[in-house]
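The values are calculated or read from the model by the stated rules, or taken from the named source; none is laboratory data. None of the values given here were measured: they were computed from a predicted structure. Don't worry about glycine lacking a Cβ; one is built from the backbone with ideal geometry, like all the others, and counts go over all protein chains shown.
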């Protein structure tokens, strides 16, 4: 029976190591996912800023074209004003020139505002392109390191899988079934029993059960968490 207890303890250590490797593999994936998400965010930001820049430049060109058209209209209106045949025609061209002046002032102000926006967006793009390049390089380095780390972890896991097969072959089928059920439900299949307490769930065991466990004549389960109880090492000497 001591051989069964020792095999169960070894199996538990192996499964805990399996879990640690799986946790590390998950950490590698989550860290890469976070880095990729950050790269994607900056890429999306750059795309929005580049579109904003294109829209602002297009709109400013439109305003500049309108300003050129207003200047042409103003020249023609001034010429008509110079050859006006009467006061009525002169006043009409004067009103037209006033309207054209207001339109020019509005388009000029908007064009200047757009010029400022263009400069600001160009500055933002330049800074974010630097950030993006640095983060992309960091991501590439991390992907290479993570690939090596993942390969190492998977190789270790494969080796442990072979070792686990050897250990499970030494455990009785009924005990292995109980162990597997507790592992799935509780996260561990065994628990050490010391000073009358199951260290898996910290429940105090009945004195009679604890004495039976110390005899190490069979493998017992915790009546509370159903883990298989390991005898204290001192009791096995």
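A quick yes/no check of all residues on (1) assigned by TED's automatic domain parsing to the domain that holds residue 12; (2) under 24 Å from residue 1 (Cβ atoms); (3) part of a helix (DSSP H, G or I); (4) in contact with a strand residue (DSSP E or B) (Cβ under 8 Å, 6 or more places away or on another chain):
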residue: 126; (1), (2), (3), (4): yes, no, yes, no
residue: 129; (1), (2), (3), (4): yes, no, yes, no
residue: 144; (1), (2), (3), (4): yes, no, yes, no
residue: 164; (1), (2), (3), (4): yes, yes, yes, no
residue: 184; (1), (2), (3), (4): no, no, yes, no
residue: 210; (1), (2), (3), (4): no, yes, yes, yes
residue: 218; (1), (2), (3), (4): no, yes, no, no
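Residues of the stretch 221-232 that are touching a helix residue (DSSP H, G or I) at 6+ places or on another chain (Cβ under 7 Å) and either outside any loop (DSSP other than H, G, I, E, B) or under 14 Å from residue 194 (Cβ atoms) (or both): 221, 227, 228, 229, 230, 231. When the stretch 204-234 is filtered for residues that are exposed (fewer than 14 other Cβ atoms within 10 Å of the Cβ) and free of Cβ contacts under 8 Å to residues at least 24 places away in the same chain, the ones remaining, listed by number, are 204, 206, 207, 208, 211, 215, 223, 233, 234.
Listed residues 66, 72; which is more than 30 Å from residue 161 (Cβ to Cβ) and surrounded by 13 or more Cβ atoms within 10 Å (Cβ to Cβ)?
Unique residue meeting the criteria: 66.
With the structure loaded, tell me whether residue 178 is part of a helix (DSSP H, G or I), surrounded by 14 or more Cβ atoms within 10 Å (Cβ to Cβ) and out of contact with any strand residue (DSSP E or B) (no Cβ under 7 Å at 6 or more places or on another chain) or whether it fails that test.
Working: part of a helix (DSSP H, G or I): yes; surrounded by 14 or more Cβ atoms within 10 Å (Cβ to Cβ): yes; out of contact with any strand residue (DSSP E or B) (no Cβ under 7 Å at 6 or more places or on another chain): no.
When the stated conditions are applied, residue 178 does not pass them.
Condition first: under 14 Å from residue 17 (Cα atoms), in contact (Cβ under 8 Å) with a residue 12 or more places away in the chain and surrounded by fewer than 16 Cβ atoms within 10 Å (Cβ to Cβ). Now tell me which residues in the stretch 162-171 satisfy that. Across the stretch 162-171, the qualifying residue is only 163.
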